[in-house]
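The structure appears below as structure tokens.
The values are calculated or read from the model by the stated rules, or taken from the named source; none is laboratory data. Source: prediction; values computed, not measured. Every residue, glycine as well, gets a Cβ built from its backbone with ideal geometry; the counts of neighbours run over all protein chains shown.
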Amino acid sequence: MKVIELAVLLIITAILAVGLIKGVDVFGQFTEGAYETLKTGVSILPALIALMTCVGMISASGAADALAELLAPVTEFLGFPSECVPLAVMRPISGSGATAVYEEILSENSPDSFIGRVASVLIGSTETTFYTIAVYFGAAKIKKTRNTLVSSLTADFTGFVFSVLAVRLVFGQ
């Protein structure tokens, strides 16, 4: 048995033992928690479906590429590699879409190249903003996300800009 498997087994056994010692209906608590989790999942499902539909539409329509072309003058001014612009556009929208773009960047450029390093720092220092807002705000039934969205997109933009600066600072490129 691997160490991690043993650790999980010990944690589960400890939880069950403490529950039984304290006289807690462990099975009842488990089923109640599972029920609440399912209710939360059902409540956020419409937001997730809408988000996935939007991601599919953006990808299929070529809007992400058009936005990348529109942003090219700004990214050139900032010294941001044009190859990483589609990643910067996709990252706030879709984690899986961003991962696909990231893999494409690494297959076309070395992971140790300036472009590969910027893409790596970028994907590690930014968030799938729209997905996160849809899930967490949907679960909490919060409808007004304006300030959160602006703050989050500002943080994403900061991550984009500083990914280039960090690579230049650390690797001197």
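Here are the numbers for the structure shown:
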read-out: Unique match (being loosely packed, with under 11 Cβ neighbours inside 10 Å, within 24 Å of the chain's Cα centre (by Cα) and either at pLDDT below 90 or not in a helix (DSSP H, G or I) (or both)) among M52, M57; value: M57
read-out: Filtered residue count, region 60-98, keeping only those that are under 20 Å from A47 (Cβ atoms) and either part of a helix (DSSP H, G or I) or in contact with a Pro (Cβ under 6 Å, 6 or more places away or on another chain) (or both); value: 5
read-out: Flag for G28 being without any contact (Cβ under 8 Å) to a residue 60 or more places away in the chain, surrounded by fewer than 13 Cβ atoms within 10 Å (Cβ to Cβ), not acidic (D, E) and not in a helix (DSSP H, G or I); value: no
read-out: Residue selected from region 122-171 under the condition at pLDDT 85 or above, more than 18 Å from V89 (Cα to Cα) and not basic (K, R), by the criterion surrounded by the fewest Cβ atoms within 10 Å (Cβ to Cβ); value: N147
read-out: Criterion (out of contact with any Gly (no Cβ under 7 Å at 6 or more places or on another chain), assigned to a helix (DSSP H, G or I) and farther than 25 Å from A139 by Cβ) met by exactly one of V18, V42; value: V18
read-out: Subset tally (residues that are assigned to a helix (DSSP H, G or I) and more than 18 Å from V85 (Cβ to Cβ)) for region 156-173; value: 3
read-out: Of all residues making up region 107-154, the number that are closer than 20 Å to A166 by Cα, free of Cβ contacts under 8 Å to residues at least 24 places away in the same chain, among the polar types (S, T, N, Q) and not in a helix (DSSP H, G or I); value: 2
read-out: Filter pass, I11 being under 31 Å from the mean Cα position of the chain (by Cα) and either under 30 Å from S94 (Cβ atoms) or touching a residue at least 24 places away in the same chain (Cβ under 8 Å) (or both); value: no
